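First up is the structure itself, then whatever we jot down about it.
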Amino acid sequence: MKICIYGAGAIGGYMAVMLQQAGAEVSVIARGEHLKAMQAHGLKLLIDGQERAASLTATQNPADLGPQDYVIVALKAHQAWESAEALKPLLGRDTAVVTAQNGVPWWYFYGLPTALADTRLASVDPGDRQWQAIGPERVIGCTVYPATEITEPGVVRHIYGNQFGLGEPNRTESLRVARLAEAMTAGGLKPRLYEDIRDDIWLKLWGNLCFNPISALTHATLDVIATEPGTRALARAMMVEAEQIGLKLGARFRVGVDRRIDGAAGVGAHRTSMLQDLDKGRALEIDALLTAVQEMGRIAEIQTPHIDAVLALVQQMARVKGLYPTFPQEAAPAPLRAVGQA
């Protein structure tokens, strides 16, 4: 089985080592000092007090690798959009593309048995770039739960978790998902197959869409946001709006709002990924976590005043700091109109 990890950062690097040690033929796409270190010394994974080393093909150029059985895109959503055309040398006739990103995926409506099945999301795929270059029929949906970090170029540290969600956008059981799950399990990962992967996407997104921007705006940790009355109430209001959208579009939520917030509080003094990116001066992942939910609210004709307000604030903050990635003008999403606005 040939697997290319496109974006061998913290999560991608973790998956690469685990899958290779289970016998898969793994290659990685990376860049910068991290790539140079992997090319010179291989990729090291620090996990459970041990160091695991993997010698694998690492390159910046997908044309070096040729068609794969699976391409696991472990980039942030805006980076995945930028890289869509570059994936083409990796795509054979039957190549599956696994979207291992946070937030609303660009293919969200594909395969749904509704009138919305061909709906495109301009907030995460302006100009239909991924839809055209990759094709939604290749996609396997994936949710990512482990926490990992790059401690130095070529070295990834596993912090906790090994669970991933997998599922076909069209809600079918498939051999390609089963084979991927088998390879992941052999590598010590814990895939869970969903009849509708969107249900798990919403469950993770539910927390990310509120806790991430609130933490970036306040610099508070997860336990504080989830227990301080003001920020808890704001997070809850955002989650209720998102739940209304998800339910109207056919999603199912297997836990309630307050249980989800209490679960976040139980994580402790965690600094969200958006807050960590802000501290390190990295581009903030806003559109897949918030703008797409706002766009889906317009599609579902559901008002999202709390999401709208927090989105406007975090966008403005990110722009002022130069941390809001922008799309080329010709592909930029059109401004969203309020429901009922001409």
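Rounded to the nearest angstrom and listed largest first, the equivalent-ellipsoid semi-axes of region 56-154 from its Cα gyration tensor are 24, 17, 13. What Kirkwood hydrodynamic radius do you get for region 199-330 when you take the inverse of the mean 1/r over all pairs of distinct Cα atoms, in Å? For region 199-330, inverting the mean 1/r across all distinct Cα pairs yields 14.9 Å.
From the square roots a ≥ b ≥ c of the eigenvalues of the alpha-carbon gyration tensor of region 2-195, which class results: rounded (a/c under 1.5), prolate (a/b over b/c), or oblate? Taking the square roots of the gyration eigenvalues as a ≥ b ≥ c, region 2-195 is prolate. A dipole drawn for region 110-226 from +1 and -1 charges on Cβ atoms has a positive end, and of Ala147, His158, Trp131 the residue lying farthest that way is His158. Give the residue from Leu175, Cys210, Ile307 lying farthest towards the positive end of the charge dipole for the chain; charges sit on Cβ (+1 for Lys and Arg, -1 for Asp and Glu) and the dipole is referred to the Cα centre. Of the options given, the answer is Cys210.
Under unit Cβ charges (Lys, Arg +1; Asp, Glu -1), what dipole magnitude, rounded to 20 debye, does the chain have relative to its Cα centre? That gives the chain a dipole magnitude of about 180 debye. Computed about the Cα centre, the dipole magnitude for region 185-227 is approximately 120 debye when only Lys and Arg (+1) and Asp and Glu (-1) carry charge, each at its Cβ. Taking amide hydrogens as placed 1.01 Å from N in the peptide plane, the amide H of Val97 sits under 5 Å from those of Val71, Val139, Ile140, each at least 5 positions away in sequence or on another chain. The residue among Thr119, Ala237, Ala220 whose Cα reaches farthest toward the positive pole of the charge dipole of the chain, with charges on the beta-carbon of Lys, Arg, Asp and Glu, is Ala220. Each listed q (0.17, 0.22, 0.23 Å⁻¹) maps to a log10 I(q)/I(0) for region 164-277 from the Debye sum over equal C-alpha point scatterers, namely -0.88, -1.10, -1.15.
Angle, helix 10-20 long axis vs. longest principal axis of the chain, Cα atoms, 0 to 90°, nearest 10? For helix 10-20, the angle is close to 40 degrees. Alpha-carbon geometry of the chain: the Rg and the Dmax are 19.3, 60 Å, given in that order. From a point 7 Å beyond the Cα of Ser174 in the direction of its Cβ, which residues of region 70-90 have a backbone N at a distance under 12 Å? Counting only backbone N, you get 70-71.
If each residue of separation counts as 0.36 nm, what is the full-extension length gain between Asp94 and Ala265 once their alpha-carbon separation is subtracted?
Working: separation 171, 0.36 × 171 = 61.56 nm, distance 4.27 nm.
57.3 nm is the gain from fully extending Asp94 to Ala265.
Once a ≥ b ≥ c are taken as the square roots of the eigenvalues of the Cα gyration tensor of region 155-203, is the result rounded (a/c under 1.5), prolate (a/b larger than b/c) or oblate (a/b not larger than b/c)? Oblate.
To check you understand DSSP bridge types, tell me what percent of the beta bridges within the chain (both residues inside) are antiparallel, rounded to 5. It would help to have the intermediate numbers written out before the result.
Numbers: 14 of 41 bridges.
Of those bridges, close to 35 percent are antiparallel.
Taken together, the values in this text are just the output of simple stated rules run on the coordinates, not laboratory data. Bear in mind that the values here come from a model prediction, so they are computed numbers and not experimental data. As a convention, Cβ positions derive from the backbone with ideal geometry for all residues, glycine included, and neighbour counts pool all protein chains shown.
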